[in-house]
Amino acid sequence: MQLLLEIKNLSVDFITHHQQTQAVKNVSLQVRRGEILALVGESGSGKSVTALSILQLLSTPPAVYTCGEILFHHGPTPVNTLLLPAKQLQDIRGNKIAMIFQEPMTSLNPVLTCGKQVTEALLAHKKVSAHDAKRQTTDWFEKVKLPSPEKIFDQYPHQLSGGQKQRVMIAMAMICQPSLLICDEPTTALDVTVQRTILDLIKELQQQQNMGVIFITHDLGVVAQIASRAAIMYKGEIIEQNTVSEIFNHPQQPYTKALLACRPGLHQKNERLPVVADFLNKSQNLTTGEIAEPITLRDIQTSKSCLLKVENLNVSFPSKKNWLGKPVSGFNAVKNVSFDLFAGETLGLVGESGCGKTTLGRTLLRLITPSSGKIIFNGEDITTLSQQQLKVFRQNVQLIFQDPYSSLNPRLTIGAAIAEPIKNSKLETDRIKRKKLVNELLEKVNLSPKVANRYPHEFSGGQRQRIVIARALGLNPSFLVCDESVSALDVSVQAQVLNLLNDLKKQLNLTMLFISHDLSVVRYMSDRVMVMNKGEIVETGNAEAIYQHPQNGYTKQLLAAIPKVNGNVV
């Protein structure tokens with residue numbers, strides 16, 4: 001295959017007033033036409049910095065290219081993109097090398113229609129009329145399997161689902177038919193079925209156009225599904241490169257073995273998940289990366305007493321109102337849902353985005369008012385409680401949000417954020433005792449009390465998730481709702497958070513509703529599982545039984561979308 005891109009000994013530093021940090025160290029890679037290379041590693045490993053360097057998308061300063069070259073083979077002689085002047089670089093960006101970014105909502109302009117944004121890329125690089133540009137854009141909307149392309153052309157990004165926005169980004173990247181496509185985590189936090197269709201689409205387009213693709217991800221399931229070769233990055237360096245088959249079946253480096261071993265799908269419910277530190281610990285054999293057998297957690301006994309009983313719960317949102325402001329039509333987000341949750345149990349709730357999972361979870365905490373039905377917590381119907389009574393009720397129940405960064409106030413130190421609900425509820429009025437309690441909560445989630453004076457932006461994603469968990473535990477709740485609390489985390493950080501939740505459940509005898517679109521994680525964490533589709537519970541049962549022998553067609557569809565290697569869930 002023809003060589004398309006060659007990165008030679010690339011090193012990138014970031015210089016600030018206080019220090020110089022080396023983000024990428026002597027990275028060398030090759031990408032050929034017609035192949036998909038996966039660039040794999042945890043957040044902060046240097047994947048995105050390497051990819052952004054190809055098109056000089058890093059601000060300089062603070063970024064500094066200390067050595068290396070990036071050779072793009074397009075034409076009679078290769079060009080070093082690091083040395084290209086702005087005008088030549090502009091001709092390559094979006095035209096010969098295109099990029100799909102991680103978060104489509106922030107990458108798309110909210111004040112321009114989707115069609116306008118895609119035609120803009122075409123008009124900038126090709127000599128076509130506005131009429132032809134619109135026609136080609138709608139053709140590409142059809143190629144990326146968007147419903148009603150003509151309608152979506154005139155819609156704004158906020159009017160589309162996450163999967164649809166990602167398809168618009170793919171159409172924008174592909175419309176100029178580039179030779180090289182860079183995909184920077186394009187399926188992170190998408191449902192497993194939507195992820196599958198997006199990956200299949202990228203692979204189909206890549207084969208049709210004979211493109212080279214660099215696919216950046218921390219998800220090994222995605223690697224197994226789409227890539228032919230993989231390069232593993234750790235702390236700015238490429239530590240291992242090989243075919244995907246060899247990486248999965250015969251990993252050489254301890255870090256690669258760690259990433260593969262952390263996957264929840266490989267472990268039974270009562271096994272403690274291994275983490276990267278287990279493989280890289282100095283006391284271990286770094287040559288083989290061997291670790292001890294998985295630690296088995298004590299089986300947590302669930303009580304036969306019903307903590308939460310839901311009867312015929314319905315939640316509707318008005319979609320249209322008359323001139324008096326009275327709803328005349330609505331959308332039923334939760335439809336006639338009934339279930340029991342026993343003390344000490346973890347009940348998994350799984351389904352695609354938009355199926356009503358989050359709405360149901362928030363309704364159980366009375367953050368959303370139900371249209372009808374009963375929610376009985378500890379024998380009391382909370383749908384009839386006054387606002388004052390709800391304040392008391394909410395001390396017993398807490399929510400762990402999907403995005404820890406947006407759920408923390410950036411202006412508050414994490415110590416103040418954890419202390420805030422304790423202070424507001426008057427659980428502890430003495431400032432010194434409250435500070436001591438905050439320190440104890442930080443230690444409980446394996447963080448040092450010394451970090452209490454830092455702000456949220458000074459922590460990694462996994463650390464922020466621990467902070468949110470500490471805040472949720474501050475009021476000694478008996479019931480936790482975990483809303484996609486690990487969906488966007490690296491597999492190794494995900495393992496740490498799942499282990500922490502299991503430890504806390506054992507220590508504090510917590511009851512949990514664990515909401516996720518990832519059936520592998522739900523299976524690992526849960527005693528029982530409910531499968532939700534279009535607002536309804538379509539299947540309920542023992543986690544292992546549903547995973548091994550699903551009865552409902554929708555459940556089978558979710559399981560079929562989970563990537564597998566050699567028959568094993570990735």
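Values computed for the structure shown
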{"quantity": "Point-to-point label distance, VAL392-SER228, nm (Cα→Cβ direction, 7 Å offset)", "calculated": "6.8"}
{"quantity": "Sites SER245 and SER329, calculated FRET efficiency, Cβ-Cβ separation with R0 56 Å, nearest 0.05", "calculated": "0.55"}
{"quantity": "Average accessible area per residue (Å²) across the chain - probe 1.4 Å, nucleic acids and ligands excluded", "calculated": "46"}
{"quantity": "Whether segment 156-206 is rounded, prolate or oblate, judged on the alpha carbon gyration tensor where a/c under 1.5 counts as rounded", "calculated": "oblate"}
{"quantity": "Too-long pairs where the Cα-Cα distance tops 27 Å, listed order kept, from LYS269/LYS556; LYS47/LYS145; LYS8/LYS126; LYS374/LYS534", "calculated": "LYS47/LYS145; LYS8/LYS126"}
{"quantity": "For LEU307, distant residues with modelled amide H under 5 Å away", "calculated": "LEU341, PHE342, ALA343"}
{"quantity": "Helical contribution to [θ] at 222 nm, DSSP H n ≥ 4, -39,500 (n - 2.57), averaged over the chain, rounded to 500", "calculated": "-10000 deg cm²/dmol"}
{"quantity": "Residue range of the chain that is longest and free of trypsin sites (Lys or Arg not before Pro) which are both DSSP loop and sparsely packed (at most 11 other C-beta within 10 Å)", "calculated": "128-281"}
{"quantity": "Reported label for calculated Rg/Rh (Cα atoms, Kirkwood Rh) given [x] 0.98; [y] 1.03; [z] 1.14", "calculated": "[x]"}
{"quantity": "Efficiency of FRET from Cβ geometry, GLU271 and ASN552, R₀ 30 Å, rounded to 0.05", "calculated": "0.65"}
{"quantity": "Residues whose placed amide H lies under 5 Å from that of VAL538, excluding near-sequence neighbours", "calculated": "VAL531, MET532, ASN533"}
{"quantity": "Net +/- balance of residues flanking LEU57 in space, Cβ distance below 14 Å, scoring K and R +1, D and E -1", "calculated": "+1"}
{"quantity": "Percent carbon-and-sulfur accessible area, the chain, ignoring ligands, DNA and RNA, probe 1.4 Å", "calculated": "48"}
{"quantity": "Integer Hz, Karplus 6.51/-1.76/1.60 couplings in order for segment 49-65, x for Gly and Pro", "calculated": "4, 4, 5, 5, 5, 4, 10, 6, 8, 8, 6, 10, x, x, 6, 9, 8"}
{"quantity": "Virtual spin-label span in nm between HIS457 and THR16, 7 Å along Cα→Cβ", "calculated": "0.9"}
{"quantity": "Nearest 10 degrees, 0 to 90: helix 192-209 Cα axis against the chain principal axis", "calculated": "10"}
{"quantity": "Cut-off under 5 Å, modelled amide H: who pairs with GLY330 long-range", "calculated": "SER319"}
{"quantity": "For segment 176-220 versus segment 495-514, the gap between their alpha-carbon centres in whole angstrom", "calculated": "34"}
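The values are calculated or read from the model by the stated rules, or taken from the named source; none is laboratory data. Keep in mind the model is a prediction, meaning the values are calculated, not measured. With ideal geometry, Cβ positions are generated from the backbone for all residues, glycine too; neighbour counts draw on all protein chains shown. What goes into the accessible areas is simple: the full protein's heavy atoms, side chains included, and nothing from ligands, DNA or RNA. Shrake-Rupley method; radii C 1.70, N 1.55, O 1.52, S 1.80 Å.
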